[in-house]
Amino acid sequence: MTPEQTPFKFLSYYFDKRSFTATFAYQGIDNFIFSEKIQFSRFEGTHFNITEDPSLDQLLDRALFLTFMIIGVSYFKAHPTPNVRIDLPLDEWQANFFNKVYQEGLSQYAFENGLSREYLARFSATNGYTAPEAITGYKGSGILSLQSGGKDSILTAEILKEKGLNFTSWYVSNTDEKTYPAVLDQIQFPKHPQVAVRTIDLEHLRQSGGLNGHVPITYILQSLALVQAILFNQKTILVSIGQEGNEPHSQIGDLPVNHQWSKTWEAEQLFAEYVKKYISPDLKIGSPLRNLSELAIAEQFITKCWEKYGYSFSSCNRSNYKQGANNSELHWCGSCAKCANTYLLFSPFLAPHPLKSLFADVDLFANTENEELMNNFRGLLGVDGVMKPFECVGSTDELRTAYHHRQPEYASLPFIVPEGHFDYKATYEMQGGLY
């Protein structure tokens, strides 16, 4: 297999201000036209009126362009090629930024499909082009907080409430019915979360018969949230990511393989810098949990959130969050890497009975008949040469520390786990963070 030289084309993007619907179109190297639609949420009675402030329309267009470029990864991956074509200019910084998204952001996809960096997109700057300055003087106010139904985003919401900060809970649904996890109703009861609907062009992806694999979903959601915040006239967008993602799973030549690249501190900084340089310095985006380890987040969740949300949240991707699935009620499968990771993180801070209740009253450490689960524990804990699972999980040293500090009533795993030396209470100094 050699890198395909036929170009992947970024065709167009359009926003209908009457319906709050954005449409993004692309053409694959097999000539399939892919069209994705996003139905953004709107507050009751709101409308987008550019006649009152033309700069607002420019701001929205710049955010839509960023979204257009990032969402393209979902269709580019069907038939990858280093040759990409876009009929809009890019400066050198933008070209390098999108190269990061389409290379580091697709590293897991490349690994799983036997590809190297040479198969991935290469953006080039337009000769002599200098991008216009970012728009200043945006008058937005308020906070948009991305919610998933998992522990991190729920913790962010509770911290905001503790501080007396008003915010809008926002969720991206993959179903036309605008369903969302019922646990989100508990956050600002009786207010419901605002919901946007993402409709991926699955039909044409299937017809194209191309490759599949992981995309930098955090960047996709952040770009959508940026558009939504502008539509809501808000200025701060909060994601919920701790100090994670910096430990690669493998390496392809000079390309680190990282499931969590778009959750790294490097990626957060890059995204925020793009917004500052090309959209508006008055818009802020990032994670208020970035200075905390995954273990510290787990401890805070037990302290602040368990009593209210303990039996209705979930971080399990296998049982939830599937395209087109109704995610109203969240569940745990008890076998996947996310379930194993959560069990490890919570075991130092929570007695076995309440934690086991999430997993059909089974102590996962003792469930030795579940070979998949045991291999996930081995991968997470760096044992027997098992590769770290492709999931958003804690670092090996962190999870070893969690295991050796589990409460004594838990069973032991059927293999030796090296000691961990992780100081989970240490906070991370992140220059330019939101906290």
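The values are calculated or read from the model by the stated rules, or taken from the named source; none is laboratory data. None of these values were measured; they are calculated from a predicted model. Ideal geometry is used to build each Cβ from the backbone, glycine not excepted, and the neighbour counts take in all protein chains shown.
Numbers at a glance
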quantity: All positions within segment 226-268 that are under 22 Å from S141 (Cβ atoms) and under 11 Å from the mean Cα position of the chain (by Cα); calculated: V239, S240
quantity: Test: C339 is of a type outside the set (F, W, Y), in contact with a Cys (Cβ under 7 Å, 6 or more places away or on another chain) and in a loop (DSSP other than H, G, I, E, B); calculated: no
quantity: Failed criterion for F377 (all others in (1) part of a loop (DSSP other than H, G, I, E, B); (2) over 22 Å from W261 (Cβ atoms); (3) touching a residue at least 24 places away in the same chain (Cβ under 8 Å) hold); calculated: (1)
quantity: Set S148, S153, S173: member being among the polar types (S, T, N, Q) and over 23 Å from Q243 (Cβ atoms); calculated: S173
quantity: Scope segment 250-277; condition crowded, with 19+ Cβ neighbours inside 10 Å and part of a loop (DSSP other than H, G, I, E, B); matching residues; calculated: N258, H259, Q260, T264
quantity: Options S319, S293, S347, S315: the member that is within 21 Å of P181 (Cα to Cα) and touching a residue at least 40 places away in the same chain (Cβ under 8 Å); calculated: S315
quantity: Segment 118-172, subset of a type in the set (G, A, S) and free of Cβ contacts under 8 Å to residues at least 40 places away in the same chain, residue farthest from R85 (Cα to Cα); calculated: G164
quantity: Meets criteria (under 19 Å from Q228 (Cβ atoms), surrounded by fewer than 20 Cβ atoms within 10 Å (Cβ to Cβ) and of a type in the set (D, E, K, R)) for D87; calculated: no
quantity: Segment 119-148: number of residues that are among the hydroxyl-bearing types (S, T, Y), assigned to a loop (DSSP other than H, G, I, E, B) and closer than 30 Å to H192 by Cα; calculated: 3
quantity: Test: residue in segment 404-418 that is of a type in the set (D, E, K, R), surrounded by 12 or more Cβ atoms within 10 Å (Cβ to Cβ) and at pLDDT 95 or above; calculated: yes
quantity: Lone qualifier among R290, R318 - being within 21 Å of E372 (Cα to Cα), part of a loop (DSSP other than H, G, I, E, B) and in contact with a helix residue (DSSP H, G or I) (Cβ under 8 Å, 6 or more places away or on another chain); calculated: R318
quantity: Residue within segment 60-80 that is part of a loop (DSSP other than H, G, I, E, B) and β-branched (V, I, T) present; calculated: no
quantity: Residue in segment 193-214 that is among the acidic types (D, E), farther than 28 Å from M387 by Cβ, at pLDDT below 95 and in a loop (DSSP other than H, G, I, E, B) present; calculated: no
quantity: Residues of segment 403-419 classified as in contact with a Phe, Trp or Tyr (Cβ under 7 Å, 6 or more places away or on another chain) and without any contact (Cβ under 8 Å) to a residue 40 or more places away in the chain, total; calculated: 1
quantity: Filter pass, A95 being over 19 Å from the mean Cα position of the chain (by Cα) and modelled with pLDDT of 95 or more; calculated: yes
quantity: Residue ID - surrounded by the most Cβ atoms within 10 Å (Cβ to Cβ), chosen from residues in segment 161-192 that are among the hydrophobic types (A, V, I, L, M, F, W, C) and part of a helix (DSSP H, G or I); calculated: L184
quantity: Positions within segment 239-274 being within 21 Å of L399 (Cα to Cα), of a type in the set (V, I, T) and touching a residue at least 24 places away in the same chain (Cβ under 8 Å), in sequence order; calculated: I241, V257
quantity: Residue satisfying all of: in segment 399-429; β-branched (V, I, T) and closer than 30 Å to Q269 by Cβ; nearest to the chain's Cα centre (by Cα) among these; calculated: T427
quantity: Answer from L226, L295, L283, L255 - the residue that is touching a helix residue (DSSP H, G or I) at 6+ places or on another chain (Cβ under 6 Å), of a type outside the set (G, A, S), over 24 Å from T168 (Cα atoms) and modelled with pLDDT of 95 or more; calculated: L295
quantity: Lone qualifier among E244, E307, E294, E273 - being of a type in the set (D, E) and closer than 25 Å to I135 by Cα; calculated: E273
quantity: Scan of segment 81-103 for residues that are touching a Pro at 6+ places or on another chain (Cβ under 7 Å) and in a helix (DSSP H, G or I), ordered by number; calculated: V101
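Here is a yes/no grid of residues against (1) out of contact with any Ser or Thr (no Cβ under 9 Å at 6 or more places or on another chain); (2) not assigned by TED's automatic domain parsing to the domain that holds K100:
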site	(1), (2)
F271	no, no
V275	yes, no
P281	no, no
N327	no, yes
C333	no, yes
T342	no, yes
L355	no, yes
